[in-house]
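The values are calculated or read from the model by the stated rules, or taken from the named source; none is laboratory data. No experiment lies behind these values; they were computed from the predicted model shown. All Cβ positions, glycine included, derive from the backbone under ideal geometry; neighbour counts span all protein chains shown. Remember, those area values only see protein heavy atoms, side chains included, never the ligands or the DNA or RNA. Shrake-Rupley method; radii C 1.70, N 1.55, O 1.52, S 1.80 Å.
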Amino acid sequence: MLKIGITGGIGSGKSTVCRVFSVMGIPVFEADKVARKLMDTDEEIHEKLVRLFGAAVYLPDQTVNRKYLAGIVFKDPSLLAKLNEIVHPVVRKTFFDWCERQKSPYIIHEAAILFESGFYKMMDKTITVVTNEDERIHRVMKRDGITIELVKERIKNQWSDEERMKLADFVIGNNDDQLIIPQIIEIDKKIKANG
Ligand code: ATP
């Protein structure tokens, strides 16, 4: 079973593209969503986060205080790296356990920092979703109700489209004037032909 990694800048449309693959019957592992869930539920992660960021990193109901955490790590790349070092190994194990249970010609692993984390090396092929920056900023502000400054700060912590495109096997364009479904069908055909 082939492992296909999907990435792209914040607001590029990774989740939107993954929803199409999912409707086509392809299992999708949403690494960022799984990471968020594990931060709320995994005891080892809980302990390490409290040690690194203090008890305030968890809310009284023991879920992560995401606003507090984002406020810290998006301003300090070294703390963001430490956070990833705590969370990623657990996500990785969860992913490989999940793969064992899938029955499909290929599966999709969706992650915002697939290339930055080096996890792309575990994939057979990679796809990056590319949307121009102004459009991404506009979509994320609308989706999350956050300021332009906050979106730009997050963009600064990620690779550029150029860097992602250099490593990706496939590129899906998701600007206003582009249709994603024909691009996805084309990639699906190529993956199945190579598998
Ligand atoms: P993040 O990195 O923040 O998780 P993402 O790359 O997964 O984002 P999506 O959540 O799929 O991006 O898309 C961002 C927003 O833009 C969503 O509200 C989505 O509905 C919208 N969107 C995605 N593609 C398009 C499109 N082609 N036209 C208009 N809106 C779109």
Förster radius 41 Å - calculated FRET efficiency between residue 175 and residue 98, Cβ distance, rounded to 0.05:
0.80
Taking all protein chains in place and a 1.4 Å probe, what share, in percent, of the accessible surface of the chain do carbon and sulfur account for?
53
Please give every one of the lysines within straight-line cross-link reach of residue 93, meaning a C-alpha to C-alpha distance under 23 Å, and leave out same-chain neighbours fewer than 8 residues apart.
3, 14, 33, 37, 48, 82, 103, 121, 125
Averaged across orientations, what area in nm² does the convex hull of the alpha carbons in the stretch 2-194 project?
11.2
What helices in the chain pass both tests, a Cα length along the helix axis of 30 Å or more and a mean Kyte hydropathy of -1.0 or higher, using whole DSSP H runs?
77-100
The chain, accessible area per residue, ligands and nucleic acids excluded (1.4 Å, Å²):
55
Note to self, the chain gives a 222 nm [θ] from helices alone (DSSP H runs n ≥ 4, -39500 (n - 2.57) apiece, / all residues, nearest 500) of -17000 deg cm²/dmol
Pairs of alpha-carbon atoms within less than 8 angstrom and 6+ residues apart define the contacts here; what relative contact order does the stretch 2-194 have, in percent?
37
